[in-house]
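Working notes, beginning with the structure itself.
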Amino acid sequence: MSIAVNIRNERPEDYEAIREVHRRAFPTGLEARLVDRLREDGAVLVSLAAFQEARLVGHILFSRLRIETESGAMPAAALAPVAVIPEEQRRGIGSALVRKGLESCRERGESIVVVLGDPDYYRRFGFSTEPARGLESPYPAEYLMALELQPGALAGVRGYARYARAFR
Ligand SMILES: CC(C)(COP(=O)(O)OP(=O)(O)OC[C@H]1O[C@@H](n2cnc3c(N)ncnc32)[C@H](O)[C@@H]1OP(=O)(O)O)[C@@H](O)C(=O)NCCC(=O)NCCS
């Protein structure tokens, strides 16, 4: 079932509700702290909040990631984290956040988005392990996916996907 949801850029008055979304959606407070640290470090590219009427029910964040290659660093966006409060999951809010987030990345001129997660979930948005196969990262290769917002942006690219400091 799909329901009316409004999505907009986060504002400082949303921060506490965003923390709460992550605390409730994930088993530990790690993601809530990650979001705060990414903001503190100025690493946030896109951060969107989803509302049902006045209630903040979901959040997605994209941060700066650098692909370190032999010929220099290439900028990319890393999608993480995304969460929806448990009682509103499976109603399309997560998908709406991902789609709107990708649109914002495209509007900002980003050409590559990387995500680490369940391929069954992210495939529907166009992510695939294939364009990410030249990328090394601290994470298992079968979960590292990429989406080229600019076709061919990752063609032949080999390098290390360095996530923002807050992830370490
Ligand atoms: C993952 C999450 C953000 C998805 O949000 P959502 O609003 O529930 O997602 P949607 O309703 O748009 O789901 C779309 C589809 O994804 C599926 N799906 C949801 N979570 C999934 C998961 N973890 N793995 C695989 N598929 C998943 C749903 O079954 C649905 O499929 P369907 O349309 O075929 O039924 C949400 O479930 C969540 O907050 N989970 C806990 C936090 C988390 O794991 N975040 C992702 C890692 S950063």
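Using a Förster radius of 41 Å, what is the FRET efficiency between Ala54 and Arg158 based on their Cβ-Cβ separation? Nearest 0.05, please.
For R0 = 41 Å, the calculated efficiency reads 0.30.
Treating the beta-carbon of each Lys and Arg as +1 and of each Asp and Glu as -1, no other charges, what is the dipole magnitude of the chain about its Cα centre, to the nearest 20 debye?
Dipole about the Cα centre, nearest 20: 20 debye.
I want the local charge near Ala96. Using Cβ-Cβ distances under 13 Å, sum +1 for each Lys or Arg and -1 for each Asp or Glu among the other residues.
It works out to a net charge of +4.
Can you tell me which of Gly92, Gly58, Gly156 moves the most in a GNM of the chain? Springs connect C-alpha atoms under 10 Å apart.
Gly156
For Arg162, what accessible area in Å² do you get when you roll a 1.4 Å probe over the heavy atoms of the protein chains, rounding to the nearest 10?
90
Pop the C-beta distance of Glu16 and Arg165 into the FRET formula with R0 = 25 Å and round what comes out to the nearest 0.05.
0.60
In terms of modelled amide H atoms, which long-range or inter-chain residues lie less than 5 Å from the amide H of Arg162?
Hits under the 5 Å cutoff: Arg66, Ile67, Glu68.
The values are calculated or read from the model by the stated rules, or taken from the named source; none is laboratory data. Every value quoted in this text rests on a predicted model; they were computed, and no experiment measured them. Don't worry about glycine lacking a Cβ; one is built from the backbone with ideal geometry, like all the others, and counts go over all protein chains shown. Ligands, DNA and RNA are excluded from the accessible area calculation, which covers all protein heavy atoms including side chains. Shrake-Rupley method; radii C 1.70, N 1.55, O 1.52, S 1.80 Å.
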